[in-house]
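S.K.: Got a structure for you, questions after.
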Amino acid sequence: MTPRDPEAGFTVEIDCTVNGVRVRRAVPARQHLVDFLRDELELTGSHLGCEHGVCGACSVLLDGVVVRGCLTLAAQAHGKRVDTVEGLSDSGALDALQAAFARHNAAQCGYCTPGMLLTAHELLGAGRPMSRAAIREFMSGNFCRCTGYHAIVDAIAEVLERPSSGS
Amino acid sequence: MSDGAPKDAALREPVGTDAPRREIRRFLRGRGRYVADIVLPRMLHAAFVRSPHAHARIVSIDLAAARAAPGVERVFAGAELAEICAPLHGVALHRPGHKSALQPIMAVERAVWQGQPVVAVVARSRAEAEDAAERVAIEWERLPALVEAAAALAPAAPPIHPELGDNLAFAFEIEAGDADRAFQEAAVVVEQRFDFVRQTPMTLEPRGLIADYDPGSESLTVHHAHQSPFQMQDVFSRHLGLPEHKVRVIAPDVGGGFGMKLNVYGEELAVCAMSKLMGRPVKYLADRLESFVSDSHARDHRVTARMAVSKEGRITAMEVDDLAAVGAYGMPLRFNIAEGMMLITMAGAPYAFPNYRARTRNAYVNTNLIGMYRGVGIPLACVVGEALADLAAERLGIDPVEFRRRNYRRKESLSGATPGGVRLAGTSFDACLETLVRLMKYDELRRTQAEARRRGVYYGIGIATFVEATAYGPPYYGPSEARISTQDGCTVRLEPSGVVRCVTSITDQGQGTLTGLAQIVAATLGLALEDVEMIAGDSAISPYGGGAWASRGMAIGGEAALKAAQALRANILDLAATIAQTAPDRLDLRRGQIVNKDTGAAVISLADVGKIGYFRQDTLPRDFDVQLSATRSFVDNGAMCYMANGVQGSFVEVDPESGFVKCLGQWAVDDCGRVINPMQVTEQVRGGIVQGIGAVLFEECIYDPQGNFVNATMADYLVPMASEMPDIFVEHVETPERSTALGAKGIGEAGLIGAMGAVWVAVNDALKPFGARMTTQPFTPERVLEAIAAARRGTRAGK
């Protein structure tokens with residue numbers, strides 16, 4: 001790295017747990033979490049839609065809380081647990097949501113879908129009944145350009161109505 | 001060989017069922033495979049330096065610092081790539097007078113819009129390419145920019161491209177009947193201005209591609225987020241001088257298209273050119289800010305229109321004058337004139353009136369190019385016709401629904417063309433309207449509205465009738481010489497175990513078309529849906545075809561799939577009949593079995609047919625011709641387009657204190673011909689509706705007078721979010737297209753077209769008590785308050 005770009009060459013050691021597996025890496029200090037997940041760990045389920053924290057396609061869980069992978073630095077994952085759509089799919093945590101999304105066709109191009117699922121997972125984790133309007137409000141940090149949202153709300157409402165599912 | 005298929009084989013289940021899409025399960029597990037996810041050995045990454053100015057001369061370019069930056073392999077200016085890549089030229093040859101300057105794939109000497117690519121950096125990583133791009137030093141001499149169409153067409157305006165003489169890209173006029181006389185004799189004449197501001201289609205996945213030129217085989221493989229791999233095979237081949245069979249374009253999963261990913265982009269050709277020069281794979285993914293300034297834009301039309309109506313409430317004439325700003329160059333292959341032409345040919349299309357005058361003028365300006373976006377000009381045509389219809393109904397004291405009933409084109413008037421030149425056979429306006437009135441409980445909503453107004457709550461109800469021209473065919477594209485294939489093809493292959501693979505030239509960006517094709521194939525071959533696997537998006541392996549645009553997938557690709565499956569079915573039955581020593585017309589295919597057509601008794605399984613057909617041909621007569629793959633293509637040589645139609649209703653609330661518009665409910669009744677999968681059709685309508693609501697209420701590309709795009713971030717360019725959208729209720733009316741066996745017309749754009757009309761009308765319905773009228777998109781709170789204030793001041797809201 002050239003002296004003119006100190007930030008490009010500066011690396012940070014991180015030790016975190018990604019989808020249940022311990023990961024220790026030296027990451028560029030400026031690298032975002034979603035780039036680390038996609039480029040270094042080949043977890044391509046989290047997508048880049050805007051890279052400025054608006055669209056929600058890069059959503060991942062950091063210690064169980066949905067964060068924007070494009071606004072979080074990989075270094076911030078140090079000492080933390082990261083869960084992505086791949087890990088939550090393998091563990092079965094998203095089973096009920098995934099089944100409902102498929103039934104209602106709550107995904108078209110699929111690009112927003114992992115982020116939608118993670119946000120919906122967080123919604124279910126709140127463990128309380130919600131009106132359609134409240135579901136819509138909760139999901140309003142995630143862009144979808146294809147579905148018109150109706151089917152997504154249908155799918156989440158269906159899982160919410162069935163006790164003991166989805167969380 | 002005889003075709004043993006019953007005539008209605010394609011209509012059996014699973015056709016007509018709500019089959020879930022097969023790819024959705026991959027998407028739900030994060031297993032989508034988009035261009036960004038693909039990594040090739042020795043792959044490099046490109047970043048572009050784009051013009052910061054709308055119009056400026058390149059005085060000098062210094063690439064030394066960028067070339068010395070870490071990780072950089074090559075840096076290219078436009079002139080170097082222009083040597084190996086021919087410029088673009090977006091002109092429709094069948095439209096006399098349509099003109100465009102030649103567009104170099106990257107700016108050479110001069111940039112003519114903010115965001116035009118100027119320099120490309122290729123490096124080991126995306127981050128290093130971006131770092132180096134910042135070190136490119138370009139000295140610019142700024143030139144005056146033209147942003148508005150009217151300014152660009154003013155007599156004194158300097159031509160953006162001097163070789164064109166002026167900035168008029170195209171003009172076209174329609175004159176039918178005697179409009180002057182009709183307006184003189186009309187009981188009521190209503191007139192309005194419409195400002196359809198510029199929009200960006202905004203797919204959630206930005207544009208991207210990996211170009212992989214192999215110097216060994218002298219072949220180019222491109223993994224491309226695109227709706228038409230065949231179109232791009234042709235473009236890359238011709239512009240780079242590569243033999244067509246050495247160019248293969250593969251569209252993997254594509255994160256939304258909406259027409260935007262149908263266009264041809266200079267920097268995408270540049271990526272291919274750089275791969276060819278370097279002999280290595282080069283990946284380019286637009287970032288969001290690049291998407292805003294370089295993904296094709298849409299709309300940007302200023303329209304004045306009027307309607308003449310008799311005292312009986314019958315429309316006698318319309319007049320439409322459209323002025324559009326189409327960007328700095330003509331859009332290759334898809335043309336920047338399409339919106340204006342569709343607007344003036346489709347305005348008022350659902351209504352029977354004999355007298356029409358219309359004009360569109362398209363001007364070059366120093367902004368990003370206009371290209372395809374869902375609905376093209378038809379949503380604007382819908383708004384113009386519906387807003388004028390509502391104004392006329394109000395003036396005459398006729399309910400808007402009743403006004404439409406009086407004016408629909410019906411069977412007796414459907415045989416000829418509309419004054420705009422559109423043929424409307426097979427439309428179902430009345431059936432759709434009556435279904436909608438029942439579905440949305442129209443009369444009850446009107447009572448609710450009247451009651452609420454007494455409480456100072458302002459609801460609005462909008463009804464919009466529309467046509468959706470689908471599957472534009474050879475008479476449309478052929479004469480333009482655009483090398484756009486309007487045919488599609490399908491190969492269906494029986495695997496030895498009795499399942500089927502189907503390769504289609506149709507592409508799918510989430511519409512569900514591939515699932516629909518699988519339903520048709522499964523129905524025709526008597527298979528379960530899961531026994532049919534679809535393969536699509538590869539220009540090297542399917543029959544030549546088009547891809548996804550103009551809502552054509554099911555109409556054209558579905559018909560090809562039906563024909564291919566019917567051919568395979570006949571071949572299978574021939575083989576089965578030979579094995580079973582019976583006649584093929586005694587047999588049928590059901591549930592993976594060949595059965596006696598009359599008794600249903602099993603004769604032989606499809607797996608056994610497959611085994612004999614592929615492995616035990618020794619048991620067959622020597623002259624029996626085993627053919628267990630079938631390929632068919634379909635194109636409707638004489639069809640300009642098919643004509644779907646529908647009616648939508650909107651229920652909105654306008655808060656006169658804050659200016660906010662809230663969508664409370666949306667209803668749609670659509671007739672897209674034969675419905676293969678009702679759920680997918682409904683979801684296409686819903687998705688389109690939300691884009692239509694976005695257009696009316698939120699979306700606007702704002703350029704300042706110097707041509708700077710000032711709200712080019714997702715935080716500043718607003719699109720609909722879940723909380724702002726209503727529940728959307730959809731019903732289907734089916735009037736099958738009569739010129740095809742399948743009878744599908746198309747559904748991709750209907751939602752957007754009808755929603756724009758219905759929401760425009762509904763908001764203005766809510767504002768009637770104030771005497772205010774919205775005429776400029778989007779209907780922001782500020783503009784709503786301005787309109788109300790202007791009405792209170794006793795002046796007509798002009799903006």
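S.K.: Pairing the Cα long axis of helix A:150-161 with the longest principal axis of chain A, what angle in degrees results, from 0 to 90 and rounded to the nearest 10?
M.R.: Relative to chain A, helix A:150-161 is tipped by roughly 80 degrees.
S.K.: Among A:Lys80, B:Lys261, rank each residue by its count of other Cβ atoms within 10 Å, from fewest to most, as a rough exposure measure.
M.R.: Numbers: A:Lys80 19, B:Lys261 31.
Fewest-to-most Cβ neighbours within 10 Å comes out as A:Lys80, B:Lys261.
S.K.: What distance in nm lies between label points placed 7 Å from Cα along the C-beta direction at B:Met43 and B:Val457?
M.R.: My value for the distance between the label points is 5.4 nm.
S.K.: Just list whichever of B:Lys745/B:Lys768; B:Lys563/B:Lys611; B:Lys261/B:Lys563 have alpha carbons separated by over 31 Å in the model shown.
M.R.: On the way: B:Lys745/B:Lys768 37 Å; B:Lys563/B:Lys611 24 Å; B:Lys261/B:Lys563 29 Å.
The answer is B:Lys745/B:Lys768.
S.K.: Can you tell me the length gained on complete extension of the stretch B:Ala789 to B:Arg622, counting 0.36 nm per residue apart and subtracting the Cα distance? Please report the intermediate quantities before stating the final value.
M.R.: Numbers: separation 167, 0.36 × 167 = 60.12 nm, distance 8.80 nm.
Full extension from B:Ala789 to B:Arg622 adds 51.3 nm.
S.K.: Report the calculated FRET efficiency for A:Thr17 and B:Ile535 (r = Cβ-Cβ distance, R0 = 45 Å), to the nearest 0.05.
M.R.: The pair A:Thr17/B:Ile535 has a calculated efficiency of 0.75.
S.K.: Additional query: Can you tally the net charge around B:Met106? Count Lys and Arg as +1, Asp and Glu as -1, for every other residue whose Cβ sits under 13 Å from the Cβ of B:Met106. Please report the intermediate quantities before stating the final value.
M.R.: Values: positive: B:Arg50, B:Arg110; negative: B:Glu80, B:Glu83, B:Glu109, B:Glu267, B:Glu268.
Taking every other residue near B:Met106 into account, the sum is -3.
S.K.: Further, regarding this structure: Run the numbers for B:Lys311 and B:Thr448: contour at 0.36 nm per residue of separation, minus the present Cα-Cα distance, in nm.
M.R.: Numbers: separation 137, 0.36 × 137 = 49.32 nm, distance 2.91 nm.
46.4 nm is the gain from fully extending B:Lys311 to B:Thr448.
S.K.: Can I ask one more? Go ahead and estimate [θ] at 222 nm for the protein assembly as shown from helices alone: -39,500 (n - 2.57) per DSSP H run with n ≥ 4, summed, over the residue count, rounded to 500. The partial results should precede the final answer.
M.R.: Values: 28 runs with 282 residues, N = 966.
Theoretical 222 nm ellipticity from helices: -8500 deg cm²/dmol.
S.K.: Related question: Given the C-alpha centroids of the range B:221-268 and the range B:610-642, what is the distance between them in whole angstrom?
M.R.: Measuring centre to centre over Cα atoms gives 30 Å.
S.K.: Roughly speaking, what is the stretch gain from B:Ala154 to B:His245, that is 0.36 nm per residue apart minus the C-alpha to C-alpha distance, in nm to one decimal?
M.R.: Details: separation 91, 0.36 × 91 = 32.76 nm, distance 4.76 nm.
Gain on stretching B:Ala154 to B:His245: 28.0 nm.
S.K.: I would also like to ask the following. If I model the protein assembly as shown as equal point scatterers sitting on the Cα atoms and use the Debye formula, what is log10 I(q)/I(0) at q = 0.11 Å⁻¹?
M.R.: Values, matching the q order: -1.46.
S.K.: In a shell of Cβ-Cβ distance under 15 Å around B:Met202, excluding B:Met202 itself, what net charge do Lys and Arg (+1) and Asp and Glu (-1) give?
M.R.: Working: positive: A:Arg145, B:Arg198, B:Arg207, B:Lys261, B:Arg288, B:Arg299, B:Arg374; negative: A:Glu51, B:Glu205, B:Asp287, B:Glu290, B:Asp295, B:Glu699, B:Glu700, B:Asp716.
In short, -1.
S.K.: Next question, about the same structure. What ranking do B:Cys432, B:Cys701, B:Cys382 get, fewest neighbouring Cβ atoms within 10 angstrom at the top?
M.R.: Values: B:Cys432 27, B:Cys701 21, B:Cys382 33.
The fewest-first ordering by Cβ neighbours comes to B:Cys701, B:Cys432, B:Cys382.
S.K.: In nm, to one decimal, how far is the B:Ser219 label point from the B:Glu83 one, both placed 7 Å along Cα→Cβ?
M.R.: 2.9
S.K.: Further question on the same structure: Kindly express, to the nearest 10 degrees and within the range 0 to 90, the angle between helix A:113-125's C-alpha long axis and the longest C-alpha principal axis of chain A.
M.R.: Orientation of helix A:113-125: about 70 degrees from the principal axis.
S.K.: Please order A:Met139, B:Met640 by the number of other Cβ within 10 Å, starting at the fewest.
M.R.: Numbers: A:Met139 22, B:Met640 16.
Least crowded to most crowded, the residues run B:Met640, A:Met139.
S.K.: Karplus couplings for the range B:424-435 from phi (6.51 cos²θ - 1.76 cosθ + 1.60, θ = phi - 60°), rounded to Hz, Gly and Pro as x?
M.R.: 10, 4, x, 8, 9, 4, 4, 4, 5, 5, 5, 5
S.K.: Averaged over peptide B:29-42, how many Cβ atoms belonging to another chain are found within 10 Å of each residue's Cβ?
M.R.: Per residue, the number of nearby Cβ atoms from other chains is 5 on average.
S.K.: Please give the FRET efficiency for B:Ser739 paired with A:His78, using the beta carbon to beta carbon distance and R0 = 56 Å, rounded to the nearest 0.05.
M.R.: Details: r = 65 Å, r/R0 = 1.15.
For B:Ser739 and A:His78, the calculated efficiency is 0.30.
S.K.: While we're looking at this one, here's another question. Net charge around B:Gly600, counting only other residues with Cβ within less than 13 Å of its Cβ (Lys, Arg = +1; Asp, Glu = -1)?
M.R.: +2
S.K.: What FRET efficiency, computed as 1/(1 + (r/R0)^6) with R0 = 56 Å and r the Cβ-Cβ distance, is obtained for B:Arg501 and B:Leu143, rounded to the nearest 0.05?
M.R.: Numbers: r = 56 Å, r/R0 = 1.00.
With a Förster radius of 56 Å, E is 0.50.
S.K.: Further question on the same structure: Take the alpha carbon atoms of the range B:310-348, find their center, do the same for the range B:490-533, and report the distance between the two centers in whole angstrom.
M.R.: The range B:310-348 and the range B:490-533 have Cα centres separated by 39 Å.
S.K.: A follow-up question, please. What spacing in nm lies between the two simple spin-label points modelled at B:Thr599 and B:Asp430, each 7 Å away from Cα in the Cβ direction?
M.R.: 5.0
S.K.: On a 0 to 90 degree scale, rounded to 10, what angle separates helix A:95-104 from the longest Cα axis of chain A?
M.R.: Here the helix axis deviates by roughly 60 degrees.
S.K.: Measure out, as a whole number of angstrom, how far apart the alpha-carbon centroids of the range B:552-601 and the range A:9-88 sit.
M.R.: Using only Cα atoms to place each centre, the spacing works out to 52 Å.
S.K.: Using modelled backbone amide H atoms (1.01 Å from N, in-plane), which distant-in-sequence or interchain residues come within less than 5 Å of B:Val603's amide H?
M.R.: Sorted by chain and number, the residues that satisfy this are B:Ile594, B:Val595, B:Asn596.
S.K.: Please list, short to long, the whole-number percent of alpha-carbon pairs of chain B in consecutive 20 angstrom bins beginning at zero.
M.R.: 16, 46, 31, 7, 0
S.K.: While we're looking at this one, here's another question. Just to check I understand the Karplus step: with θ = phi - 60° and J = 6.51 cos²θ - 1.76 cosθ + 1.60, what whole-Hz values come out for the range B:164-180, glycine and proline as x?
M.R.: Going residue by residue, I get 8, x, 8, 9, 7, 6, 5, 9, 8, 10, 10, 9, 9, x, 10, 5, 4 Hz, with x marking Gly and Pro.
Each value in this text was obtained by applying a stated rule to the coordinates, not by laboratory testing. All values derive from a computational prediction rather than experimental measurement. Glycine gets a Cβ as well: all are built from the backbone with ideal geometry, and neighbour counts include every protein chain shown.
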